Structures are given as structure tokens and as C-alpha cells.
1. Which number in (1) closer than 18 Å to residue 27 by Cβ; (2) of a type in the set (A, V, I, L, M, F, W, C); (3) not assigned by TED's automatic domain parsing to the domain that holds residue 21 marks the one condition that residue 68 misses?
2. If the Cβ limit is 6 Å and pairs must be 6+ apart or interchain, which residue in region 1-27 that is in contact (Cβ under 8 Å) with a residue 60 or more places away in the chain pairs with which residue that is surrounded by 15 or more Cβ atoms within 10 Å (Cβ to Cβ) and not in a helix (DSSP H, G or I)?
3. If residue 54 meets every condition in (1) among the hydrophobic types (A, V, I, L, M, F, W, C); (2) modelled with pLDDT under 90; (3) crowded, with 16+ Cβ neighbours inside 10 Å apart from one, which number is that one?
4. What pairs come out if I take residues in region 31-60 that are under 14 Å from residue 120 (Cα atoms) and pair them with residues that are among the hydrophobic types (A, V, I, L, M, F, W, C) and in a loop (DSSP other than H, G, I, E, B) whose C-beta lies under 6 Å away, six or more apart or interchain?
5. Taking residue 50 as the residue in question, decide whether it is outside the structural domain of residue 87 (by TED's automatic domain parsing), closer than 14 Å to residue 117 by Cα and outside any loop (DSSP other than H, G, I, E, B).
6. Looking for whichever is in contact with a strand residue (DSSP E or B) (Cβ under 8 Å, 6 or more places away or on another chain), in the same structural domain as residue 124 (by TED's automatic domain parsing) and among the polar types (S, T, N, Q) here; the options are 31, 27. Which one fits?
7. Restricting to region 102-123, give me the number of residues that are surrounded by 17 or more Cβ atoms within 10 Å (Cβ to Cβ) and farther than 21 Å from residue 42 by Cα.
8. Between a first residue in region 81-100 that is assigned by TED's automatic domain parsing to the domain that holds residue 69 and a second residue that is of a type in the set (Lys, Arg), which pairs have beta carbons less than 9 Å apart while being 6 or more apart in sequence or on different chains?
Amino acid sequence: MATKEEVFAGVREALVEALAVEEDEVTPEATLVGDLGAESIDLLDIVYRLEKTFSIKIDRGELIPEDLTKDGTEFVQDGKLTAAGVAELKKRIPNANLDAFEKNPLIQNMATILTVQDMCDLVQGKLGA
């Protein structure tokens, strides 16, 4: 099993290549969208690179849980996560800092919460499974 340092190095390499950013910009607390400039199409490239690097499978919806994006459910009303939706998101991405997102929990902003550390945690979890 890879160490945390090895996982971070692999995630950093995938992000540097996919997003054309400098290595020193890829810190554990950097957000993929806000700090590193990732767009939704980049997330697909990042997932592909992580799967290849670590020989893992990341299922669709693991980064952004799709059942938490459908309007008219207990989790989403009028394009925003409900309190139940935010609670569920916290369960699924336990290390994510949702403080800013909770103030205006628009579905379209969900991708902005993902950090480099969240990606490392996802990979580490896959490797440990």
C-alpha cells in the first residue's frame, strides 16, 4: 500500500499534468477549481490520470455525489442543498471544509469545495479497500 507521501506525490503529478500548474501550487489545502483553475472537463482527465497512476477505479459520482445534485429531493430544493443535503455531503466527504459552501450551498458550486487533500483521501481509501 502506498504511503500518504506517495499518494500526495502521485496526485500532485496528475494535477500538474492535467491543469498545467506548478508543483508548488499543489498543496493539500488548494481547491481544484478556485486555486488550481480546474473546470468540469478537467476533472475527467484528473480521474483518468489517478486511475492509471494508482491502478484504481473511481466510479462516476464519487467526487460529486450525483444523488446530491438532483433537484426536488430531500437533499436539494430550488438548486440548493438542504440542511439534510449538507449533512449528507459532510458524511461522504468528511474532510472537506464546507464552511464557505454552507453559506450559499448552490449545486453549481459543489465542485468548488474539492481540495487536493480530498483527492488524496479518495485515492488512499481506494488503495486501502
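1. The one condition residue 68 does not meet is (1).
2. 12/26; 15/26
3. Tallying (1) among the hydrophobic types (A, V, I, L, M, F, W, C); (2) modelled with pLDDT under 90; (3) crowded, with 16+ Cβ neighbours inside 10 Å, residue 54 fails exactly one: (2).
4. 32/38; 32/114; 47/58; 51/58
5. Yes: the conditions hold for residue 50.
6. The match here is 31.
7. Residues in region 102-123 being surrounded by 17 or more Cβ atoms within 10 Å (Cβ to Cβ) and farther than 21 Å from residue 42 by Cα: 1 in total.
8. Close Cβ pairs (under 9 Å, with a partner that is of a type in the set (Lys, Arg)) amount to 96/90; 98/90.
The values are calculated or read from the model by the stated rules, or taken from the named source; none is laboratory data. Here the structure is a predicted model, which means the values were calculated and not measured. All Cβ positions, glycine included, derive from the backbone under ideal geometry; neighbour counts span all protein chains shown.
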